[in-house]
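The values are calculated or read from the model by the stated rules, or taken from the named source; none is laboratory data. Small disclaimer: the values here were computed from a predicted structure and weren't measured. Neighbour counts are summed over all protein chains in view; Cβ atoms, including those assigned to glycine, are modelled from backbone coordinates with ideal geometry. Side chains are part of the model used for accessible areas, which takes the heavy atoms of the whole protein and leaves out ligands, DNA and RNA. Shrake-Rupley method; radii C 1.70, N 1.55, O 1.52, S 1.80 Å.
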Amino acid sequence: MGFLLNTVVGLVAVSSFTVEARSEKVERSDFHVTSDPGVRIAVREVSTRRSAGPPVLLLHGARVPGVGSFDLPVRGGSLAEDLARAGHRVYVMDARGYGGSTRPPALSQPPEANPPAVRSDAVVRDVAAVVDRIHRRSGDKVALLGWATGGHWLGQYAAAYPDKVDRLVLYNTLYGPVPDHPTMGRGSDNEHPDRPGQFNAARFGAYRLNTGDSLLPSWDRSIPAEDKTTWRDPKVVDAYVKAALASDPTSGTRTPPSFRAPSGAMEDSFYLSTGRQLWDASLITAPTLVVRSGNDFWSRPEDVTALSAHLVHARSVKTVELPGATHYVHLDRPEWGRDRFLREVTAFLATR
């Protein structure tokens, strides 16, 4: 009852605070953090003068880096700015191999020359370095929000370093130990044709080349409307595609332009989608919010169920389903789930 009351109070407070903060100037600064020797991780800080709440770290998914995922320069395209206006100092990172972070040597060679690059153990080390830097700067524990594969990476981090996490948001995230996935698991192109249950590393290589057009079909298919512009703002889509291509300085050297994304995330996701549990949620102690969009093509309802059952030591667990929403709900129009997503996240982060 106390948690529910605090959540309601938090919603009211966040709503009032956000209205007052709309005119506040949003400031951005970019910096790098050293992870492993020779590996520099790009981080963007987004804040206002009112940003006094616990710091929040946002982590992208398998393809589009941090700025393209969370800080587009158009209305409705920056989750980072929305959270900053709600009172948080927000940090957006690129895992190694993505965006402004160091790219492993394998990403400078033909993709078929190397196995999938940047598996989850490497990204967890990157997260650890960024969290430690944020903690040294603020003195506070850090709240974490991960989208899709970003949720998998942050969940694995939170399980390994439970005392360093203020709270955790897992958004459209695969977890494990559910064996069947309708599109990514057994029987899909991700599976080796001659070795059942094994990832098709030869098909992916160290990295994938992604054109701007390749970013849209999965989004299009999950929108239950013939006119996609009724569901998402074309300005957001255009900014998303442009930011993804701009994240790779080599994108313009290919025709059509394309950006590199390490394939390690796809190998991890294949094994998660075929029933392997790559991390144990019972080790997480931070309050945890699990959000799933009703029309998500990546996570499954069973992932939410499994997480809820395994988060036995989390100080609190809340699950939210966004009916009819897409995998990209934080980039969709407010009335198609974005507003509720923001309300749920800001209320969860505000509840003490």
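Observations on the structure shown:
- A search for C-beta distances below 7 Å between a residue of the stretch 223-249 that is closer than 28 Å to D94 by Cβ and of a type in the set (A, V, I, L, M) and any residue that is in a helix (DSSP H, G or I) and open to solvent by 40 Å² or more (accessible area, probe 1.4 Å), counting only pairs 6+ apart in sequence or on different chains, returns A243/V67.
- Checking A117 against (1) farther than 19 Å from M266 by Cα; (2) assigned to a loop (DSSP other than H, G, I, E, B), the condition it does not meet: (1)
- Yes/no for P105 being open to solvent by 10 Å² or more (accessible area, probe 1.4 Å) and more than 21 Å from P37 (Cα to Cα): no
- Selected residue (criterion: nearest to the chain's Cα centre (by Cα)) from residues of the stretch 153-198 that are more than 18 Å from H310 (Cβ to Cβ) and among the hydroxyl-bearing types (S, T, Y): T183
- Of the candidates V74, V12, the single residue that is over 28 Å from H327 (Cβ atoms) and either in contact with a helix residue (DSSP H, G or I) (Cβ under 7 Å, 6 or more places away or on another chain) or at pLDDT below 95 (or both) is V12.
- Residue among V56, V67 that is crowded, with 20+ Cβ neighbours inside 10 Å and not in a helix (DSSP H, G or I): V56
- Residue within the stretch 312-320 that is in contact with a Leu (Cβ under 7 Å, 6 or more places away or on another chain) and assigned to a helix (DSSP H, G or I) present: no
- Residues in the stretch 86-102 that are among the small types (G, A, S) and open to solvent by 20 Å² or more (accessible area, probe 1.4 Å): G100 alone.
- Residue among A265, A202, A243 that is open to solvent by less than 20 Å² (accessible area, probe 1.4 Å), among the aliphatic types (A, V, I, L, M) and either within 30 Å of T305 (Cα to Cα) or not in a loop (DSSP other than H, G, I, E, B) (or both): A265
- Top-ranked residue of the stretch 206-235 - restricted to ones that are open to solvent by 60 Å² or more (accessible area, probe 1.4 Å) and in a loop (DSSP other than H, G, I, E, B), ranked as nearest to P262 (Cα to Cα): P224
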